[in-house]
Amino acid sequence: MIVIGGGLAGLSSAVALAESGFRVRLLERRPFLGGRASSYVLPGGEHVDNCQHVTLGCCTNLDDFYRRVGAAGKIATYDRLVFVDREGRRAVMQASPLPPPLHLAPSLAFYPSLSWSEHNAIGHAMLAIARRGGQNAGGDVAGKTMLEWLRLHRQSEAAIRRFWGVVLVSALNDELDRIEARYGLDVFWKAFLANRAGYKLGIPRVPLSELYDGCRAAIEHQGGEVVLRSPVRRVRIADGQVAAVEMDGGYEETADAYLLAAPQDAVLALLPADLIESEPLFANLRHLRPSPITGVHLWFDREVMSEPFLILLDRTTQWIFNKSRLYGGPGDGSYLQLVISASYDLLPRPRQEIIDLCLAEVREVLPEASAAKLLKSTVIKEAAATFSPEPGSDRWRPPQRTPLPNLYLAGDWTATGWPATMEGAVRSGYQAAEAILADAGAPKRQLQPDLPAEGFAAWLAQPIP
Ligand SMILES: Cc1cc2nc3c(=O)[nH]c(=O)nc-3n(C[C@H](O)[C@H](O)[C@H](O)COP(=O)(O)OP(=O)(O)OC[C@H]3O[C@@H](n4cnc5c(N)ncnc54)[C@H](O)[C@@H]3O)c2cc1C
């Protein structure tokens, strides 16, 4: 079995297949594993994540993958989310003893910068989501953007910007007028309403690439191999199936089956043009539109932040992560990482301008940072961080099986029902492994169930007879 791409989709599939007895050869073009969810060392010696990555309690497949590869202990869980508004008011979101879907209601009642009537309207909209019991595809949702759905449910502009947007732009990496409502409602149902653990934030205690140490061992245990710095240049097709993959220098590698787990634009570059034009499943990938994320990394000469992370309202900076603390510091200084999702406005701006803008915001939110000296900074712009979950995007996402009998696909962009996230990538990897195992006559379930709906949410989620 050849797996092309060592991101979460390729790794999760390769590990699942190796555990089922397959000999897997994983070819990754970069010198490290993890793809978009990886880390590397800057020339100055600092370990930086490609961008801070977080997971949620509802991401059950990613959780399973971390356990399989011995990385679960490297993820810290936080059940206290701190929001800071423009005036510096802080509010904590934390589960109360009330049963789901009401467990977060007391926290939401104290959400900052909103009037009583706005809180009330948010409560009603949350109830409307809860009443759907996770069935978010039809009814008043069909064909709508999240913004249209929120306006239909009488949400004010302030509530849309300060509450719904804060959660969804980060979770889905696009603006509310570009997000299909089904995706937005799914986030609230799975993370905030169905189960009391769904909203808990998982944050790595180590640089991202250290999470994948166990993958190599799992693959090698079955006689397989992980080959870094090995870009595949072309997938050669003959007689309606993959004959080989071409590597640098023109030599070829062959296997019984091939899994393409590279991003969708790389898939289009690897397959022959006539195959892409003749198969809508491949040609349609061109319709998936990319959406950007910008990360800003700041190193200060002293400690400037006590919280592990903060979520900001009404600012360009959306999240501040205290990396020194998350990595188990404090040391002599502070390393902060800021995240801005759907950062279309920042893409054309010079790096120094972005640093100045974000530094000014950090100094307003964290008074200790005003006295501190900024020692070093860097900006990482990911123009194609994820595909945009815009209305109708699901119809362009292919299944993991292709019309070619020995070619399979995996990636956060394949059909999983989930947005482009680490959970979506692992789901795609497990789904691809299930298809490969079934076609080899050894079917085995890999996908993990969602967190069960609890309390009244369990009752709301019951299928209507
Ligand atoms: C800035 C940023 C922040 C994000 N934040 C979060 C977050 O907080 N939480 C979350 O859940 N998700 C987040 N995501 C999304 C998440 O990173 C992705 O959804 C997930 O990692 C995608 O995994 P993948 O395996 O599908 O693709 P990738 O990670 O892109 O993996 C594809 C791999 O294929 C390799 N490859 C490509 N071409 C070839 C070739 N020709 N030969 C060999 N190898 C090749 C690439 O080098 C890469 O390693 C973020 C993404 C970005 C960019």
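Numbers below:
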| read-out | value |
| --- | --- |
| Where LYS190, LYS373 fall by accessible area, highest first, once all protein chains stay in place (1.4 Å) | LYS373, LYS190 |
| Probe 1.4 Å, protein heavy atoms only - accessible area per residue of the range 187-270 in square angstrom | 42 Å² |
| Cut-off 12 Å between beta-carbons: net charge of the residues surrounding LEU193, Lys and Arg +1, Asp and Glu -1 | +2 |
| Per residue solvent-accessible surface (Å²) - the range 16-82, probe of 1.4 Å | 41 Å² |
| Projected label distance in nm at VAL92 and LYS444, using a 7 Å step from Cα toward the beta-carbon | 4.4 nm |
| Packing-based order for 136-145, 102-111, 245-254, 337-346, using average beta carbon neighbours within 10 Å, highest first | 337-346, 102-111, 136-145, 245-254 |
| Per residue accessible area of the range 322-417, 1.4 Å probe, in Å² | 41 Å² |
| Radius ratio Rg over Rh of the chain, counting only Cα atoms, Kirkwood formula for Rh | 0.97 |
| Span per principal axis, largest first, for the Cα atoms of the range 135-254 (Å) | 61, 41, 25 |
| Label point 7 Å beyond Cα of ALA243 along Cβ direction - residues of the range 1-18 with amide nitrogen under 15 Å | none |
| Which of TRP413, TRP116 is most accessible, then next, and so on - probe 1.4 Å | TRP116, TRP413 |
| Accessible area of the chain belonging to carbon and sulfur atoms, whole % at 1.4 Å probe | 53 percent |
| Candidate residues HIS287, HIS153, HIS124: accessible-area rank, largest first, probe 1.4 Å | HIS124, HIS287, HIS153 |
| For the range 69-110, alpha-carbon Rg and Dmax in angstrom | 14.2, 44 |
| Local electrostatic count at GLU361 - Lys and Arg +1, Asp and Glu -1, tallied over other residues with Cβ under 11 Å | 0 |
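The values are calculated or read from the model by the stated rules, or taken from the named source; none is laboratory data. Computed from a predicted structure; not experimentally measured. FYI the Cβ positions are ideal-geometry reconstructions off the backbone, even for glycines, and counts take in every protein chain you see. Keep in mind that these areas ignore ligands, DNA and RNA; they rest on the heavy atoms of the full protein, side chains included. Shrake-Rupley method; radii C 1.70, N 1.55, O 1.52, S 1.80 Å.
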